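**Q** Below is one structure. I have some questions about it.
The values are calculated or read from the model by the stated rules, or taken from the named source; none is laboratory data. Since we're looking at a predicted model, the values are computed, not measured. Glycine gets a Cβ as well: all are built from the backbone with ideal geometry, and neighbour counts include every protein chain shown. For the accessible areas, the whole protein counts, side chains as well, though only heavy atoms, and no ligand, DNA or RNA atoms are used. Shrake-Rupley method; radii C 1.70, N 1.55, O 1.52, S 1.80 Å.
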Amino acid sequence: MKRAEPLTQIQSVEANTGSPPLPPATTPATTPTATAAAPAEARSLLATAWMRIKRSKIALASLGVVVAIMLFAVLAPLLSAMSGNDPFTSNTSPEVLDDFQTPGLPLPGYMYPSAQHWLGVEPGLGRDLFARLAFGGQVSLTIALLSTAVSVVLGTVLGAAAGYFGGKTDAIISRIMDLFLAFPHLLLVLSLTPILQSRLRDTPLGEGSFLPMASLVIILGFFGWAYLARIVRGQVLSLREREFVEAARSFGASHLSVLFKQIIPNVMGVVLVYATMLIPTNISAEAALSFLGVGVKDPTPSWGQMLNAAQSGNWYLSDPWFLAVPGVMLIVTVLAFNLLGDAVRDALDPKASRH
């Protein structure tokens, strides 16, 4: 006799209650409507950093200010033409400058912003402040960006070479780095800038306003690479033993090919962070040197030169607006770049985030 199979729990309930049979249990993997999980989307380093920057209101605000300042400098000729003034034309007529109580001081209608002069005129020569501020931003930002580019190229290449080749190459480059970092930066720049300007005077770089700009780019760029080189060297010391570097070597890639195609692209995150922090440092350095009289000189405008003009004749005592215009612009620019640099650092290295 065939033995009856035991009833399951569901079958026994169906038999007692007479309810219709329940549908068989299914799992999401066996249902027709179930969809497979979407694969994770791969993002580049820059795309990931941009996604993190967009989450920070401070980062977006600082980025907006930086872009606005860059456009202000780039569009300086157009903005100057729209205002109807240029940065070099003087106006010392009695209708503009005082001839009696304080000779050279702008009259009340020209000291502060007006429809004719959007930021007023400067004391002494009566030149338009808005035009000089715009063209001064062009000069200051050009010097800062070019000197940063020189420092970044030198620091990245020399630091990567020291870390990758090691041995005598590492020892020589490291001692040069120590030598550059040992000197007082500001005193060294102050002493060498006049010497370099005299050397460049008879070259194509010594023509007109290019002389102070070229000298500052060379000085600031040449003496600003050592700290970045030390950072890059430390990164490369760990990268040179990685599997992808060994694979490139095994396929017969030359040392230069490995260095520039495998090593340096993998340290660009650190380089980008350092570059964003170095730009405001160079803006401040240019302003300081021009303020001390060894940088950009009149009539070429720069924010540091405008500060120098405000204090050289003690105009800031009777016309504080003349000092406030370039001073506020300089503070806002440096602050925006510093905040953006902090945001880029946190975006590329979440472990360093302070939030």
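**Q** Answer with yes or no whether Ile263 is open to solvent by less than 10 Å² (accessible area, probe 1.4 Å), part of a helix (DSSP H, G or I) and farther than 30 Å from Asp298 by Cβ.
**A** Yes; evaluated as a whole, the condition is true for this residue.
**Q** Continuing with this model, one more query. Could you check the range 54-63 and list, in sequence order, the residues that are outside any helix (DSSP H, G or I) and either open to solvent by less than 60 Å² (accessible area, probe 1.4 Å) or among the hydroxyl-bearing types (Ser, Thr, Tyr) (or both)?
**A** Result: Ser56, single match.
**Q** Taking the conditions exactly as written (out of contact with any Phe, Trp or Tyr (no Cβ under 8 Å at 6 or more places or on another chain) and outside any helix (DSSP H, G or I)), does Thr281 satisfy them or not?
**A** No; evaluated as a whole, the condition is false for this residue.
So that you can scan it fast, the table gives a plain yes or no per residue for (1) modelled with pLDDT of 90 or more; (2) open to solvent by 50 Å² or more (accessible area, probe 1.4 Å):
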position	(1), (2)
His185	no, yes
Ile195	no, yes
Arg201	no, yes
Leu211	no, no
Val217	yes, no
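**Q** Can I ask one more? Can you find a residue that is within 24 Å of Leu119 (Cα to Cα), at pLDDT 90 or above and among the small types (Gly, Ala, Ser) anywhere in the range 329-340?
**A** Within the range 329-340 (the criterion being within 24 Å of Leu119 (Cα to Cα), at pLDDT 90 or above and among the small types (Gly, Ala, Ser)), the answer is yes, since at least one residue qualifies.
**Q** Considering only residues that are without any contact (Cβ under 8 Å) to a residue 60 or more places away in the chain and either within 18 Å of Gly159 (Cα to Cα) or outside any helix (DSSP H, G or I) (or both), which ones fall in the range 284-306?
**A** Gly293, Asp298
**Q** What residue, of Ala144, Ala162, is within 25 Å of Val332 (Cα to Cα) and in contact (Cβ under 8 Å) with a residue 12 or more places away in the chain?
**A** When all the criteria are applied, what remains is Ala144.
**Q** Still on this structure, I have one more. Select from the range 281-329 the residues that are aromatic (Phe, Trp, Tyr) and open to solvent by 60 Å² or more (accessible area, probe 1.4 Å) and write down the one among them that is farthest from Phe130 (Cα to Cα).
**A** Here the residue is Phe291.
**Q** From the list Gly84, Gly64, Gly137, Gly104, exactly one residue is more than 29 Å from Phe210 (Cβ to Cβ), touching a residue at least 12 places away in the same chain (Cβ under 8 Å) and not charged (D, E, K, R). Which is it?
**A** Sole residue among the options that is more than 29 Å from Phe210 (Cβ to Cβ), touching a residue at least 12 places away in the same chain (Cβ under 8 Å) and not charged (D, E, K, R): Gly104.
Residues checked against (1) under 22 Å from Gly64 (Cα atoms); (2) among the β-branched types (Val, Ile, Thr); (3) in a helix (DSSP H, G or I); (4) in contact (Cβ under 8 Å) with a residue 60 or more places away in the chain:
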site: Glu246; (1), (2), (3), (4): no, no, yes, no
site: Ala253; (1), (2), (3), (4): no, no, no, no
site: Leu259; (1), (2), (3), (4): no, no, yes, yes
site: Val273; (1), (2), (3), (4): yes, yes, yes, yes
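**Q** Does Thr48 satisfy the criteria of being open to solvent by less than 40 Å² (accessible area, probe 1.4 Å), among the hydroxyl-bearing types (Ser, Thr, Tyr) and modelled with pLDDT under 95?
**A** So Thr48 passes the test.
Yes/no per residue for (1) farther than 13 Å from Trp315 by Cα; (2) open to solvent by 50 Å² or more (accessible area, probe 1.4 Å):
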site	(1), (2)
Val96	yes, no
Gly104	no, no
Tyr112	yes, yes
Val121	no, no
Leu125	no, yes
Arg132	yes, no
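**Q** Could you run through the range 160-173 and say how many residues are under 23 Å from Leu192 (Cβ atoms) and open to solvent by less than 50 Å² (accessible area, probe 1.4 Å)?
**A** The qualifying residues number 1.
**Q** If I filter the range 337-352 for residues that are among the polar types (S, T, N, Q), closer than 30 Å to Met51 by Cα, under 17 Å from the mean Cα position of the chain (by Cα) and open to solvent by 10 Å² or more (accessible area, probe 1.4 Å), do I get at least one hit?
**A** Yes; the residues of the range 337-352 include at least one that is among the polar types (S, T, N, Q), closer than 30 Å to Met51 by Cα, under 17 Å from the mean Cα position of the chain (by Cα) and open to solvent by 10 Å² or more (accessible area, probe 1.4 Å).
**Q** Turning to a different aspect of this structure: Could you tell me which numbered condition Val245 fails, if it satisfies all but one of (1) under 27 Å from Asp346 (Cβ atoms); (2) open to solvent by less than 60 Å² (accessible area, probe 1.4 Å)?
**A** (1) is the only condition that Val245 fails.
**Q** Follow-up question, since we're still on this one. From the residues in the range 134-159 that are of a type in the set (A, V, I, L, M, F, W, C) and open to solvent by less than 20 Å² (accessible area, probe 1.4 Å), which one is farthest from Ala226 (Cα to Cα)?
**A** Step by step, filter the range 134-159, then rank; the result is Ala134.
**Q** Residues of the range 64-105 being under 18 Å from Ser302 (Cα atoms) and part of a loop (DSSP other than H, G, I, E, B), which ones?
**A** Residues satisfying the conditions are Leu75, Asn85, Asp86, Pro87, Phe88, Thr89, Ser90.
**Q** Continuing with this model, one more query. Collect the residues in the range 219-242 that are open to solvent by less than 60 Å² (accessible area, probe 1.4 Å) and over 21 Å from Ala171 (Cα atoms), keeping them in residue-number order.
**A** Ile219, Leu220, Gly221
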